[in-house]
Amino acid sequence: MPADLSLLKKLNDICLFVPNVEEAVQFYTDKMGFELVRRQPGYVQFDFQGTSLTLWQEDGVYRAIQKEYLGGEGNHFMLAIKVPSLEDVDQLYEELVNRGVECISPPETYQWGSRAVYFRDLNKNIWEIFAWEEGNGPGLL
C-alpha cells in the first residue's frame, strides 16, 4: 500500500539554523516582538498562527545532519509575512528601523500589485513584509 502523500500538505514549522540561539532569541523578541512558546537547549519556537518559526543552534543541527549538507549563510530562501494593508507595511517598516533592524530598502509598491519591504535578520536571512493593493493579489487560479 503506498504512503498517503496528503500528509505532506501542512507545513508545521520553518526552522532557521543559527550560530547562537541566545543572540537570535534576543533579536526576535526585542526587535521583532515575537513571543517564545518553547525553549529547549539550543532550540526555541515562536508561534505563527498555524505554523511555527523555530531556531536551532547549528552545533545541534550538525548532530542530526552532517555539516557537509548545510551550506552558505542565509539568502537561500525568503520568509514572507502578509499584512492586511499597505499602511501596515509602512508602519512596520518604521517600527523595525526604530528597533535597529537592518532594512534592505524602504517600502515600495511593485508592478505586480504588492507593497513590500525587505530586511535581514541577525544571521542575514531575508524577510519580506507585504500587502496586496487589492484583495489577495493578481494571478489566483
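Just so you know, all these numbers are worked out from the coordinates, no wet-lab data involved. Note that the coordinates shown come from a computational prediction; the quantities given were computed from them, not determined experimentally. Methodologically, a virtual Cβ is constructed for each residue, glycine included, from the backbone with ideal geometry; neighbour enumeration extends over all protein chains shown.
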Query - Integer Hz, Karplus 6.51/-1.76/1.60 couplings in order for region 20-30, x for Gly and Pro - result: 9, 5, 5, 5, 5, 4, 4, 4, 6, 7, 6
Query - Environment charge at R99 (Cβ cut-off 11 Å; Lys +1, Arg +1, Asp -1, Glu -1) - result: -3
Requested in this report: Quick one: which residues, 5 or more positions from L16 or on another chain, have an amide H under 5 Å from its amide H? H modelled 1.01 Å from N in the peptide plane, none for Pro or chain starts.
Outcome: T54, L55, W56
Query - Calculated from backbone phi, Karplus (6.51, -1.76, 1.60) coupling profile of region 88-95 in Hz, x at Gly/Pro - result: 4, 4, 5, 5, 5, 4, 4, 5
Report task. Return the sequence-ordered ³J(HN,Hα) values of region 57-62 in whole Hz as given by the Karplus equation 6.51 cos²θ - 1.76 cosθ + 1.60 applied to θ = phi - 60°, using x for Gly and Pro. Result -> 4, 3, 5, x, 4, 5
Query raised in the report: How many angstrom lie between the C-alpha centres of region 1-73 and region 82-141?
Result: 22
Report summary line: The orientation-averaged projected area of the Cα convex hull of region 10-59, in nm², is 3.4
Query - Spherically averaged projected area of the chain from its Cα convex hull (nm²) - result: 11.3
Requested in this report: Just tell me which lysines come within less than 23 Å, Cα to Cα, of K31; anything on the same chain fewer than 8 places away is out.
Outcome: K82, K124
Query - Placed amide H near A80: partners under 5 Å, 5+ positions off or other chain - result: E128
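Which percentage, to the nearest 5, of the DSSP beta bridges contained in region 61-131 is antiparallel?
Just about 70 percent of them are antiparallel.
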Report task. Count the DSSP beta bridges whose two residues both fall in the chain, then state the antiparallel fraction as a percent rounded to the nearest 5. Result -> 65
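Take every Cα pair under 8 Å in the chain that's 6+ residues apart, average their separations, divide by the length, and report that relative contact order as a whole percent. Mind showing how you got there, number by number?
Working: 210 pairs, mean separation 28.8, N = 141.
Once normalised by length, the contact order is 20 percent.
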